[in-house]
Amino acid sequence: MGAMTDLLYVAGGNPLSGEITVRGAKNFVSKAMVAALLGETPSVLRNVPQIRDVAVVTGLLQLHGVRVEADEAAGTLHLDPTDVESAHVADIDAHAGSSRIPILFCGPLLHRLGEAFIPDLGGCRIGDRPINYHLDILRQFGAVVDKRENGIRITAPQRLQGTKIALPYPSVGATEQLLLTAVRAEGITELSNAAIEPEIMDLINVLQKMGAIISVATDRVIRIEGVDRLVGYQHTSLSDRIEAASWASAALATGGDIYVRGATQPEMTTFLNTFRKVGGEFAIDDEGIRFYHPGGDLRSITLETDVHPGFMTDWQQPLVVALTQATGLSIVHETVYENRFGFVDALRGMGATIQVYKECLGGRPCRFGQRNFYHSAVISGPTPLAAADIEVPDLRGGFSHLIAALAAKGTSAVRGISLIDRGYEHFGDKLLALGADISRD
Ligand SMILES: CC(=O)N[C@H]1[C@@H](OP(=O)(O)OP(=O)(O)OC[C@H]2O[C@@H](n3ccc(=O)[nH]c3=O)[C@H](O)[C@@H]2O)O[C@H](CO)[C@@H](O)[C@@H]1O
Ligand SMILES: C=C(OP(=O)(O)O)C(=O)O
């Protein structure tokens with residue numbers, strides 16, 4: 001379908017069925033691209049999807065003098081950072097675009113140049129998303145952080161020093177910040193309460209290939225012995241488990257049958273258990289996973305999002321659409337972001353029965369209880385969905401609206417769909433391949 005305008009008409013009510021391919025993980029590829037900055041020699045990254053976050057990080061790397069060559073069809077990126085020192089200008093005019101990745105440039109740029117300017121971040125508006133853990137980590141390594149009008153300026157008066165840090169919450173980005181900074185700091189760094197998402201483990205794989213010394217203990221403690229130099233890597237990205245789960249939810253919500261080539265089981269164990277409890281079926285082979293609705297009623301569930309190995313927050317929004325088709329009351333407690341249920345307003349407008357609550361429903365109390373955050377949802381189903389005019393609010397919320405439009409009777413107008421390009425490669429072509437009745441303005 002090529003480049004899409006921002007408005008998509010979706011004639012729903014038909015099951016999605018067929019085969020699509022999922023490539024590398026958005027939440028890993030962008031970090032591996034930043035890691036290439038740490039090497040003295042070029043890196044090669046494979047299985048890279050054509051999504052906007054990759055384009056944004058490519059632009060940022062180029063601003064810093066990294067030569068990036070892409071073979072988009074093959075999904076290969078060559079990243080040559082050998083000119084970073086000579087390309088250096090102190091006040092680079094960088095924009096975060098739609099991405100949160102620029103904050104991860106801090107460690108690598110401090111090691112190479114002794115300073116960095118980080119623009120204000122983009123990313124999905126699903127909560128406040130502060131960067132206090134990141135800044136605390138950088139300060140503990142010895143960096144000086146100066147907040148400016150459009151971002152932050154960071155300097156390292158001397159070589160960064162290994163340190164001992166405990167995260168208040170196992171943040172993915174803060175764990176990656178620490179890894180990308182500690183690998184070339186002087187001495188040993190220890191991080192407790194670290195996040196251990198599969199994308200982080202693959203980043204550790206990349207850093208080890210580059211020459212880093214990193215060990216991960218069973219109790220979420222990561223230990224890094226700093227080294228003086230790192231070299232380039234060759235690596236094939238792990239698969240995008242969020243995109244795979246999104247297509248699985250689309251199959252369930254539309255009563256369809258989708259073979260997701262490239263989907264892998266180990267990173268999806270928790271999702272697969274939940275999918276099965278709802279009444280979805282799947283078949284795993286060496287090339288991918290077939291997700292399908294076996295007919296009959298879907299079952300309501302109680303679900304809590306969590307850090308890995310829990311049920312991932314990014315799986316939540318697409319699955320909620322499928323839960324509108326399950327019999328009975330489902331309870332979903334979002335414990336990672338305080339504000340990730342804004343997207344249900346549009347679902348309600350399409351006929352779903354969903355109530356949101358400030359209380360921690362269905363499980364243990366979380367950080368957001370007794371505060372002003374609507375972070376629990378009760379979904380009552382099954383309810384038929386009707387077409388509507390929808391505005392995409394964020395990446396996963398937007399894909400969820402698309403799923404709802406595909407499940408609904410009638411033709412919906414979905415606006416702002418270019419936001420979805422940030423994390424779903426060629427989703428228009430994939431929808432057409434699955435038999436969706438969609439058209440552009
Ligand atoms: C590009 C990328 O990989 N994005 C993923 C990454 O986001 P990201 O790395 O931004 O998410 P974090 O794990 O850091 O955030 C988790 C929680 O920690 C809080 N927090 C985080 C940092 C900080 O300095 N202070 C603070 O309070 C956040 O507000 C949030 O409530 O992990 C999330 C959790 O799996 C996923 O939903 C995102 O898709
Ligand atoms: C929240 C997400 O991404 P980001 O951190 O890039 O906004 C996501 O992928 O759902």
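Results, tabulated for the structure shown:
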{"quantity": "Surface accessible to a 1.4 Å probe, Cys366 within the full protein complex, Å²", "calculated": "20"}
{"quantity": "Counted charge near Glu359, where neighbours are those whose Cβ lies closer than 14 Å (Asp, Glu -1; Lys, Arg +1)", "calculated": "+1"}
{"quantity": "Amide N of region 9-42 lying under 13 Å from the label point, which is placed 7 angstrom from the Cα of Ala413 along Cα→Cβ", "calculated": "9-10"}
{"quantity": "Cα gyration tensor shape of region 26-236, rounded if a/c is under 1.5, else prolate or oblate by comparing a/b with b/c", "calculated": "rounded"}
{"quantity": "Projected label distance in nm at Glu225 and Arg440, using a 7 Å step from Cα toward the beta-carbon", "calculated": "5.5"}
{"quantity": "Solvent-accessible surface ranking, highest first, for Asp437, Asp83 at 1.4 angstrom", "calculated": "Asp437, Asp83"}
{"quantity": "Residue-span extension gain [Glu40 to Thr383] - 0.36 nm each, minus C-alpha spacing", "calculated": "117.8 nm"}
{"quantity": "For region 1-55 versus region 355-378, the gap between their alpha-carbon centres in whole angstrom", "calculated": "32"}
{"quantity": "Theoretical gain in end-to-end length, Thr82 to Arg364 [0.36 nm per residue, Cα-Cα removed]", "calculated": "96.5 nm"}
{"quantity": "Heavy atoms of Asp53: accessible area, 1.4 Å probe, square angstrom to 10", "calculated": "10"}
{"quantity": "Candidate residues Arg340, Arg415: accessible-area rank, largest first, probe 1.4 Å", "calculated": "Arg415, Arg340"}
{"quantity": "Share, in percent, of DSSP beta bridges within the chain that are antiparallel, nearest 5", "calculated": "70"}
{"quantity": "Sequence of Val10, Val145 from largest to smallest accessible area, 1.4 Å probe", "calculated": "Val145, Val10"}
{"quantity": "Highest-MSF residue in the chain out of Gln208, Gln325, Gln317 [GNM, Cα springs under 10 Å]", "calculated": "Gln208"}
{"quantity": "Fluctuation leader among Glu287, Glu115, Glu338 - the chain, Gaussian network, Cα springs under 10 angstrom", "calculated": "Glu287"}
{"quantity": "Sulfur and carbon atoms: percent of accessible area, the chain [1.4 Å]", "calculated": "48"}
{"quantity": "Expected-Rg normalisation [2.2 N^0.38 Å, Cα atoms] applied to the chain", "calculated": "0.98"}
{"quantity": "Heavy-atom surface of the chain, accessible at 1.4 Å and reported per residue (Å²)", "calculated": "38"}
{"quantity": "Sparse-neighbour loop sites [GluC sites (Glu not before Pro); region 116-200; at most 12 other C-beta within 10 Å; DSSP]", "calculated": "Glu149"}
{"quantity": "Accessible surface of Met312 - all protein chains present, 1.4 Å probe, nearest 10 Å²", "calculated": "20"}
{"quantity": "FRET efficiency estimate (nearest 0.05) - Cβ-Cβ, Asn132 to Asn339, R0 30 angstrom", "calculated": "0.95"}
{"quantity": "When each of Lys409/Lys430; Lys31/Lys209; Lys358/Lys409; Lys26/Lys430 is checked by Cα-Cα distance, pairs over 24 Å", "calculated": "Lys358/Lys409"}
{"quantity": "Alpha carbon centroid spacing (whole Å) that separates region 199-269 from region 114-178", "calculated": "23"}
{"quantity": "Most fluctuating residue given options Ile200, Ile131, Ile331, as computed from a GNM of the chain linking Cα atoms under 10 Å", "calculated": "Ile131"}
{"quantity": "Residue-averaged 222 nm ellipticity for the chain, from DSSP H runs of 4+ at -39500 (n - 2.57), nearest 500", "calculated": "-8500 deg cm²/dmol"}
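The values are calculated or read from the model by the stated rules, or taken from the named source; none is laboratory data. None of the values given here were measured: they were computed from a predicted structure. Reconstructed Cβ throughout: ideal geometry from the backbone, glycine too, with neighbour counts over all protein chains shown. Ligands, DNA and RNA are excluded from the accessible area calculation, which covers all protein heavy atoms including side chains. Shrake-Rupley method; radii C 1.70, N 1.55, O 1.52, S 1.80 Å.
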